[in-house]
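Quick notes on the structure that follows.
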Protein chains: 4
Amino acid sequence: MKAAVIGLGYWGPNLVRNFLSNGEIKSVICCDNNPARLKLINEKFPAAIITNSYSGILKDKSVDIVVIATPVDTHYQLAKEALQNGKHIWVEKPFTAKSKQAEELIKLADKHDLKIFVDHTFIYNGAVKKIKELTVAGELGDIIYFDSVRVNLGLFQHDINVIWDLAPHDLSIMSYILDAKPIAVSANGIANYSKYENVAHLSVYFDNNTFAHFHVNWTSPVKIRRMIVGGNKKMLVFDDMENSEKIKVYDSGVEITTQEGIYDALVQYRIGDMYSPKVNQTEALNLGVKEFLASIKEDRQPLTNGVEGLKVVKILEASDESIKRKGKLISL
Amino acid sequence: MKAAVIGLGYWGPNLVRNFLSNGEIKSVICCDNNPARLKLINEKFPAAIITNSYSGILKDKSVDIVVIATPVDTHYQLAKEALQNGKHIWVEKPFTAKSKQAEELIKLADKHDLKIFVDHTFIYNGAVKKIKELTVAGELGDIIYFDSVRVNLGLFQHDINVIWDLAPHDLSIMSYILDAKPIAVSANGIANYSKYENVAHLSVYFDNNTFAHFHVNWTSPVKIRRMIVGGNKKMLVFDDMENSEKIKVYDSGVEITTQEGIYDALVQYRIGDMYSPKVNQTEALNLGVKEFLASIKEDRQPLTNGVEGLKVVKILEASDESIKRKGKLISL
Amino acid sequence: MKAAVIGLGYWGPNLVRNFLSNGEIKSVICCDNNPARLKLINEKFPAAIITNSYSGILKDKSVDIVVIATPVDTHYQLAKEALQNGKHIWVEKPFTAKSKQAEELIKLADKHDLKIFVDHTFIYNGAVKKIKELTVAGELGDIIYFDSVRVNLGLFQHDINVIWDLAPHDLSIMSYILDAKPIAVSANGIANYSKYENVAHLSVYFDNNTFAHFHVNWTSPVKIRRMIVGGNKKMLVFDDMENSEKIKVYDSGVEITTQEGIYDALVQYRIGDMYSPKVNQTEALNLGVKEFLASIKEDRQPLTNGVEGLKVVKILEASDESIKRKGKLISL
Amino acid sequence: MKAAVIGLGYWGPNLVRNFLSNGEIKSVICCDNNPARLKLINEKFPAAIITNSYSGILKDKSVDIVVIATPVDTHYQLAKEALQNGKHIWVEKPFTAKSKQAEELIKLADKHDLKIFVDHTFIYNGAVKKIKELTVAGELGDIIYFDSVRVNLGLFQHDINVIWDLAPHDLSIMSYILDAKPIAVSANGIANYSKYENVAHLSVYFDNNTFAHFHVNWTSPVKIRRMIVGGNKKMLVFDDMENSEKIKVYDSGVEITTQEGIYDALVQYRIGDMYSPKVNQTEALNLGVKEFLASIKEDRQPLTNGVEGLKVVKILEASDESIKRKGKLISL
């Protein structure tokens, strides 16, 4: 198969490298308007073919896959043209700038019997796969809350706020891990440097008694990438900044204790054993490419398909409405 | 001076110990309905006098100070009686269950020229004092956000939710550190085990472009006590779980960089030096007692007086209204 | 029973507190030459009886137990007199300044049918008990090495070097955990501030293919209290600075791998799962006092008896000889 | 200039990548006996020329630089031939298997006016450069001890023990940072899996009152890369496992205090402020290549030249003698 990568910014080179290294891929065309980026790609990946013409790629019958790694607001147009020209598409997260666009693209892909892969990379991360295994196995019991923190001193996007930039990772994990259906969101935050929020908090309510919260921040002096999945049986912490022991499962819960016991409970807050399962360290993006190619060959939906992408976009859309009104509850 | 401690639950013994060890205090009377607690106090502090009669204490002209460490909803009544009987009062946080009660007690104390000390212990903590010093010195520049996390596997209160239980610590620190005036709050959370929320998120908006957020949780498998004070010049992290280096000041900020530079910024997220000032390790409660006694002798308001207590209660009250309506913005 | 504590320095008050709180103990006499220390004890523990006369204690028939918490070089004389006067003895670590003295005291105690308890407190620590359980259960397989680090910015002793001050803790744990017999030692280090080494490294060789190493330092800017027990099946880390998760058991070992595999092994250095068993948090000293009193009542040797104390002293003695000659191997 | 890399094992590809990416280098020839490795290099670096003939490289007049990344015991022969054929040489650490060989190579290079670069990569690491700056500036005062730990679950070398494998990194840093002259060594350790030690401790004595110790281990369940440089003014910790804050400088020292004060000193072990300077994150190997090429163009000795390599080999040689005799002091 032949793939073309559109947009060679921060993430583009990783896409090029992983498509190049996949045995199923004969060649990779790299496309960007910025000559400097094309030059850089050419130096790093002499095997790649470079071009600045997207229309040329669309016309090229030999191209099976178009990988879209451009700014969010261009996803819809580029994706639509690719589908109309009979290409399977890989779209960076978030899938689209509007849920209507996502719905339209899903219909279009179905019509032409093409696949949409949304790059929710974390779904192919060894730690996240392990969390899924554990929850499916009932190890945690019923999940009562999902808490995610993704903050660091990061790059300011110039077209979206910090929720649209960082939360898709965590929202896609949430939607992968939790069975419950999100019904409403409330978002708060602040924009200190531009019209886009650089600090934000997103609460998600579900149709059962589950609650999820997402803290994202571009202006944190420390880098934190931590997720707590609270079950009524056990609780799990996923700390992506840990070199090893990324996942810790705590055999801890709520103690109903005597008056005296209660005072102890306060000091001794960890009740049971903890264990940290080994996690597969294969690069997630590599497995994502495999899954996409497999879905095409087997003519089935990939794990992170358009519908999954749409779910995330719907929440992002609602968060915009809520944060503008300082936490107002917005139903999904 | 003579002090009487009412309520010998989890915190009571710490109060007894610190009043006993203060040179200004001649004797300490300890009062509780629970004989088991009185016995325990008697064993631990043979020097203390024990009783189960609050009325006796009120009548006792030799008692100068009444320390109220009972459940929140009893604070108002006990405090009122103490003031009416000419006693200075020390009240555990949160000051009262309703802001009206706090306002009434403040008036009453003024009328009788008595002092109210609200036990916002953290204001006397060496690390918090250091944060105050640094902010007053302008070390951080303008504060753009205040983020606090206080979660662990803790004791469920049976009369208040996790915000009323844990957030007063952090709200009192916020109000001590920030000059800005809080104007509205939005709260989200969930109650998994009782009618009281065990997980909650509280956003506070200010009259300037500052934003504060408080994450409190009784059902976290890990204990986190971290506060980030984001300034436009430097940023500070206060991690109370650290044995040393509780405070770290990061000479970090937002980089306006070139296209290429931006990609780097993403990987190299820490920009400047960091330093960790030495922190005074004297027990905060010990310094709190000193401050209270000094305020009485010098006939001045203590640092953590009734008005400070009222500020926190107002926010807690608003949070109740907001969390019931899933994040609805409530003006203060 | 009645106990007398001799020496009320840094550790003395902890001994007084734990003997006072033990139900079997009717009263505790506290003895020191320094009036300031007697005063302090009197304030902290009004129930304790204070005196500056050791001879008085020896003559007092009602005293069953003498607790010796004085400088090492005084242990032998005080212990001998106590035994000669029919008292059971509790001696702080290290047991004696010379192994000959320890041997003599052991004989003397046997002759008078009295008990010697050497305060190897860590043997009663919940984490150490758990390590013992795991090793006895064969969880780690055969132990191939034992590595201990105990460094911080600590107090300089004026009569002993850092090995005599800090290593007894770890040597007693080693001797509790390992079945193998130590046969020789090699010690290196440096004395920067006095004639006593403030940095030292002690290697211990055993009669089987096991090896132990102890790193002690009074002049480290960071406090480290970590022990690694390397088994050929699993490996264990005991980090006493951790608030929770003090013990971690790693299902890790040595991989025999292909040429290619080897390169991976270098990057992926953690092979299996890890788990952290819950640890009993009862104060070790409290359990030590219980064990000592039980050994007296049941007329049996306590777990940390004179012979255990002697083992440690023999290694310390050899370390002195070795460190003077910069690592020369000294047989035990 | 034209470079040839001999030996494409674990480290080889990093060398190829860094020589390829250097502007001064026209082309890079890659040589190995193992076709699998040549194939891998060819795939990863299409621009590189591959061959299995070292003699061909030696004959090739256009080759200026020979980079030797083969097993230690082959360094001498390959290096000698390269120098005899007029090539500048880059040799992986440790420089040679015997100090006599190193001395001979140094003479040979001088005779032919060629440069020897020994790949002590860490000398070009941003953190190590910063430590050098701080020590040269007298920030730490006089250095009293140097303590290094480099342990993990690593690859067993089949021709050398863990000291020869891991310690060269730390010995080269020591020799870069310390002015003092090493005069003798004492080494202890154990070989559990082969005839080569997998756990080892190396003590180095200096001509002044400085002491250095190196702990290396291939069989540790946890990965530790920490160095403590103890000065009589300040102390520095370099923790290479930290994502940020790799260097911490502690304004801590030894307190001469009163009897009472001493007891405090024990609990409050950190005395002054700490700060963590920002560290340059450029890849060390990249800077190493730059330095080597500059030394050739400017006809001067590179920073990590043959004499530096020899210093490390001498200590390694002595460590072999000492460890065989369980810590016997060996003069350098």
* Asked: Can you name every residue in segment C:17-46 that is more than 24 Å from B:Gly23 (Cα to Cα) and aliphatic (A, V, I, L, M)?
  -> C:Leu20, C:Ile25, C:Val28, C:Ile29
* Structure fact -> Checked segment B:15-37 for anything buried (at least 18 other Cβ atoms within 10 Å of the Cβ) and closer than 18 Å to B:Ser53 by Cβ; matches are B:Val16, B:Val28, B:Ile29, B:Cys30, B:Cys31, B:Asp32, B:Arg37
* Number of the exception - C:Phe146 against (1) within 14 Å of chain D (Cβ to nearest Cβ); (2) aromatic (Phe, Trp, Tyr); (3) surrounded by 22 or more Cβ atoms within 10 Å (Cβ to Cβ); (4) under 25 Å from C:Tyr76 (Cβ atoms) -> (4)
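Does B:Gly12 fit the bill of being exposed (fewer than 15 other Cβ atoms within 10 Å of the Cβ) and either on the phi > 0 side of the Ramachandran plot or in contact with a Cys (Cβ under 9 Å, 6 or more places away or on another chain) (or both)?
Numbers: exposed (fewer than 15 other Cβ atoms within 10 Å of the Cβ): no; either on the phi > 0 side of the Ramachandran plot or in contact with a Cys (Cβ under 9 Å, 6 or more places away or on another chain) (or both): yes.
The answer is no for B:Gly12.
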* Which one is farthest from D:Gly12 (Cα to Cα), of the residues in segment D:274-311 that are crowded, with 16+ Cβ neighbours inside 10 Å and without any contact (Cβ under 8 Å) to a residue 60 or more places away in the chain? -> D:Met274
* Has segment D:148-169 got any residue that is in the same structural domain as D:Asp207 (by TED's automatic domain parsing), outside any helix (DSSP H, G or I), small (Gly, Ala, Ser) and out of contact with any helix residue (DSSP H, G or I) (no Cβ under 8 Å at 6 or more places or on another chain)? -> no
* Please enumerate the residues belonging to segment D:150-164 that are surrounded by 23 or more Cβ atoms within 10 Å (Cβ to Cβ), at the interface with another protein chain (Cβ under 7 Å from one of its Cβ atoms) and of a type in the set (A, V, I, L, M). => D:Leu153
* **Candidates C:Ile144, C:Ile177, C:Ile123 - the one that is aliphatic (A, V, I, L, M), under 30 Å from D:Asn192 (Cβ atoms) and at pLDDT below 95** => C:Ile144
* When only residues in segment C:278-326 that are outside any helix (DSSP H, G or I) and touching an Asp or Glu at 6+ places or on another chain (Cβ under 6 Å) count, which is nearest to C:Val162 (Cα to Cα)? -> C:Leu303
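Please verify whether A:Ala191 is surrounded by fewer than 23 Cβ atoms within 10 Å (Cβ to Cβ) and facing chain B (nearest Cβ under 9 Å), treating the condition exactly as stated. Spell out how you get there, then give the answer.
Numbers: surrounded by fewer than 23 Cβ atoms within 10 Å (Cβ to Cβ): yes; facing chain B (nearest Cβ under 9 Å): yes.
Against the criterion (surrounded by fewer than 23 Cβ atoms within 10 Å (Cβ to Cβ) and facing chain B (nearest Cβ under 9 Å)), A:Ala191 qualifies.
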* Restricting segment A:194-203 to residues that are in a strand (DSSP E or B) and more than 9 Å from chain B (Cβ to nearest Cβ), the residue that is nearest to the chain's Cα centre (by Cα) -> A:Leu202
* Among the numbered conditions (1) touching a Phe, Trp or Tyr at 6+ places or on another chain (Cβ under 9 Å); (2) buried (at least 22 other Cβ atoms within 10 Å of the Cβ); (3) at pLDDT 95 or above, tell me where A:Glu104 comes up short. => (2)
* To do: Say whether the condition of being surrounded by fewer than 16 Cβ atoms within 10 Å (Cβ to Cβ) and either at positive phi or assigned to a loop (DSSP other than H, G, I, E, B) (or both) is met by at least one residue in segment D:74-86.
  => yes
* Yes/no for A:Asn192 being modelled with pLDDT under 95 and more than 20 Å from A:Asp73 (Cβ to Cβ) -> yes
* Quick check: is even one residue across segment A:128-135 within 19 Å of A:Asp179 (Cα to Cα) and without any contact (Cβ under 8 Å) to a residue 60 or more places away in the chain? -> yes
* Asked: Out of the residues in segment D:1-40 that are over 14 Å from D:Thr70 (Cβ atoms) and assigned to a loop (DSSP other than H, G, I, E, B), which is nearest to the other protein chains (Cβ to nearest Cβ)?
  -> D:Ser21
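Name the single residue, out of those in segment A:204-242 being of a type in the set (A, V, I, L, M, F, W, C) and part of a loop (DSSP other than H, G, I, E, B), that is nearest to D:Asn243 (Cα to Cα). Step through it out loud before you land on a result.
From segment A:204-242, those of a type in the set (A, V, I, L, M, F, W, C) are A:204, A:206, A:211-212, A:214, A:216, A:218, A:222, A:224, A:227-229, A:235-238, A:241; that's our starting set.
Filter once more, so that each one left must be part of a loop (DSSP other than H, G, I, E, B): A:218, A:241.
Numbers: A:Trp218: 18, A:Met241: 8 Å.
So the residue we want is A:Met241.
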* Structure fact -> Taking segment D:243-259 and the residues there that are free of Cβ contacts under 8 Å to residues at least 12 places away in the same chain and either over 25 Å from B:Met274 (Cα atoms) or assigned to a strand (DSSP E or B) (or both), the one that is farthest from the other protein chains (Cβ to nearest Cβ) would be D:Thr258
* To do: Considering only segment A:1-12, state which residues are modelled with pLDDT of 95 or more and more than 15 Å from A:Val91 (Cα to Cα).
  => A:Lys2
* Asked: Counting just the residues of segment A:223-237 that are at the interface with chain B (Cβ under 9 Å from one of its Cβ atoms) and in contact with a Leu (Cβ under 9 Å, 6 or more places away or on another chain), which one comes out modelled with the lowest pLDDT?
  -> A:Asn232
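A quick yes/no check of all residues on (1) buried (at least 20 other Cβ atoms within 10 Å of the Cβ); (2) within 8 Å of chain A (Cβ to nearest Cβ); (3) farther than 25 Å from A:Ile144 by Cβ:
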{"site": "B:Leu166", "(1), (2), (3)": "yes, no, no"}
{"site": "B:Ser172", "(1), (2), (3)": "yes, no, yes"}
{"site": "B:Pro182", "(1), (2), (3)": "yes, no, yes"}
{"site": "B:Ser186", "(1), (2), (3)": "yes, yes, no"}
* So is A:Asn188 part of a loop (DSSP other than H, G, I, E, B) and of a type in the set (S, T, N, Q) or not? -> no
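Being of a type in the set (D, E, K, R) and in a loop (DSSP other than H, G, I, E, B) is the filter; apply it to segment A:42-70 and report the residue that is surrounded by the fewest Cβ atoms within 10 Å (Cβ to Cβ).
Initially, segment A:42-70 is screened for residues of a type in the set (D, E, K, R), giving A:43-44, A:59-61, A:64.
Then drop every residue that is not in a loop (DSSP other than H, G, I, E, B), which leaves A:60-61, A:64.
Numbers: A:Asp60: 16, A:Lys61: 8, A:Asp64: 19.
Looking at residues that are of a type in the set (D, E, K, R) and in a loop (DSSP other than H, G, I, E, B), I get A:Lys61.
May I ask you to list the residues in segment B:204-219 that are surrounded by 24 or more Cβ atoms within 10 Å (Cβ to Cβ) and either closer than 16 Å to B:Asn152 by Cβ or more than 7 Å from chain A (Cβ to nearest Cβ) (or both)? Even if it seems obvious, please write down each step before you answer.
Step one: filter segment B:204-219 for residues surrounded by 24 or more Cβ atoms within 10 Å (Cβ to Cβ), giving B:204, B:211-219.
Once the filter is applied, which keeps residues that are surrounded by 24 or more Cβ atoms within 10 Å (Cβ to Cβ) and either closer than 16 Å to B:Asn152 by Cβ or more than 7 Å from chain A (Cβ to nearest Cβ) (or both), segment B:204-219 yields B:Val204, B:Ala212, B:Phe214, B:His215, B:Val216, B:Asn217, B:Trp218, B:Thr219.
The values are calculated or read from the model by the stated rules, or taken from the named source; none is laboratory data. Only a predicted model underlies this, so the values are computations on that prediction, with no experimental measurement involved. Positions of Cβ are generated from backbone atoms using ideal geometry, with glycine treated the same way; all protein chains shown enter the neighbour counts.
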